[in-house]
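No lab work stands behind these numbers, since they all come straight from the coordinates. Predicted model only: the values in this text are computed from it and were never measured. Backbone-built Cβ (ideal geometry, glycine too); neighbour counts: all protein chains shown.
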Amino acid sequence: MDSHRADVGADDDRDHHPITDLRNTLSYLMPHLDKFWSRPLNDYAQAVYDVEHRRTGCPPRDEAISFLLKCVERVALGSGADEQEARQAADQLVASPIIQSGPHCHLLIEPDAFYTHLFSLIGLGAHGLRWHICYNASTVKFIERPKKGPGWLHFEGEAINVFGLPRSRMDSYSVCGFNGPYRFMLSARKSGEPANAVTARFKAFLPTTEFSSAANAIKAGNQAIWKKAFPPQVRLLQLDDIDVANLVADHLEEPGSWLSTQFIGNGLFAHSILEEIDNLNAGPWARWIRRTTDLFWGLAEGKIFPLRLGRNVLSGGYGSRFLVPFSPVDIAVALRERKIVPSLLTTFLVTSILPGVRVLGGCRQIIYYPLMRYIVANALEKLSERDLLNALSSDVCPGVWGHRVLKPSEAYPLLEIERNGSVLDLLPHHGEQPLARACGDLASFTSDPIWAELSMCIANGTIHAQSPEWRWAQFS
């Protein structure tokens, strides 16, 4: 397992090093990774995007991909594509079913997001794909860590307030909330003016209009950034949680759809999902999928709040007046009216698990996504849904590491672009590095306490590659 280490300048085999140990853990759970550590990042990106559509003859899966394709076309049209281009985006998803789902709803120029998109461009270019299709979670707050998150950028060492929001709004409101207006301010903390010349140059090609939600502003801003700096031969298509809300509503407004009859239906499947989450949290995989909400989030006045499913009603909890009957019609209406939005598990159900689309994710997603598949598979077993179970079992590497694979450079992304001429000019330098060097210190893993727990469980044998919960990862 350590045969690659001499090529990347790692420590002597007799020593333990956190990065080496972490790579060993990753290769243990995801054996396909081991052969790539010493190879160029280009090779890994090409392999990640090497996925083919598999015809399964499974009606629920065929139905799910059909709804997802309509969603992709709708979003493409909304981002400025014509009908033929939108159809091409959908056709690509059929031929190469893969979505980048790692970055949250950030501006493309945010370093973690920027270098993830560079990684995707390498993979897309290797296969001649024309559309960069990504899902960016928008049920997040403006601050994820101190002065980091969708509400912040950093230029020349200064923290820049993207929307000019006070701390109280950043702490409390969700990016997907419709409590605007939102405008790109890019202000210094005190003056309200652009903090420096770099900020002013960047602000000049962002939209100057107002938006009803920060997510809508970020999507529009990203289209402007993409047209300015990214290669024109690849188009950007961004899905967020409101797009997924519309997708779920599409399913539920079709009375005979699988989501209407089984996922909602008599509530058996939904309750089984929740029971399986509770069971998972009673064992060694605890905390990877937390039951923070039951299948959907409530959304009101710019804030999301947890919902609980009981007696065929989604409610805001004890003492709350928020109630949505758990029926296809009522859930669809609540989604269209932006009273609720899908949870992450529901999102992955309709964008990946049911339609059979590979998703690329970061340090937590590469663990919780296979566990989501395990939970869904167990619930399907209770329904005797053999067709869907067989379809799931045919998936190959349904979720892979594809976010924060390329460590940000010391130079800020905008300055890197300006120095090199375009994003396209950056790709050869980054792509030729060995994967082990390109990913750097793997800080998103080594600084995460839940990963430390996972490593301990692997070391003491509580978790292993043959654990039943890991069966649906299907990395080999």
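Treating only the Cβ of Lys, Arg, Asp and Glu as charged (+1, +1, -1, -1), what charge dipole size does region 327-440 show about its Cα centre? Round to the nearest 20 debye.
Once rounded to the nearest 20, the dipole reads 280 debye.
Can you give the helix-only mean residue ellipticity at 222 nm for the chain, where every DSSP H stretch with n ≥ 4 adds -39500 (n - 2.57) and the sum goes over all residues, rounded to the nearest 500 deg cm²/dmol?
It comes out at -12500 deg cm²/dmol, rounded to the nearest 500.
Could you tell me which of the pairs Lys70/Lys303; Lys147/Lys227; Lys219/Lys407; Lys141/Lys303; Lys141/Lys339 are separated by over 20 angstrom between their Cα atoms in the structure shown?
Going by Cα-Cα distance, Lys70/Lys303; Lys147/Lys227; Lys219/Lys407 fall outside the 20 Å limit.
Just to confirm my numbers, what's the Cα centroid distance between region 382-401 and region 100-161 in Å?
29
Over what distance in Å are the Cα centres of region 26-44 and region 258-305 separated?
33
Work out Dmax and Rg for region 171-283 from the C-alpha atoms and quote the Rg first, both in angstrom.
20.8, 59
Residues with beta-carbon under 10 Å from that of Leu371, excluding Leu371: net charge, scoring Lys, Arg +1 and Asp, Glu -1?
Net local charge, Leu371 excluded: -1.
By counting other Cβ atoms within 10 Å of each Cβ, how are Ser422, Ser467, Ser384, Ser352 ranked from fewest to most?
Going from least to most buried by this count: Ser384, Ser422, Ser467, Ser352.
Out of the DSSP beta bridges found with both residues in the chain, what percent are antiparallel (nearest 5)?
Here the antiparallel bridges make up roughly 65 percent for the chain.
Span-like helices, the chain: DSSP H, alpha-carbon axial extent 24 Å or more, mean Kyte-Doolittle -1.0 or greater, which ones?
What comes out of the filter, once short or polar helices are dropped, is 59-78, 365-383.
What's the longest uninterrupted piece of the chain once you rule out the chymotrypsin sites (Phe, Trp or Tyr not before Pro) that are loop residues per DSSP with at most 12 other Cβ within 10 Å?
Between exposed loop sites, the widest span is 1-204.
By the scheme Lys and Arg +1, Asp and Glu -1, what is the net charge of all other residues having a beta-carbon under 13 Å from that of Arg169?
Values: positive: Lys141, Arg167, Lys303; negative: Asp171, Glu301.
Net of charged neighbours comes to +1.
Taking other Cβ within 10 Å of each residue's Cβ, how do Lys219, Lys382, Lys407 sort, fewest first?
Lys382, Lys407, Lys219
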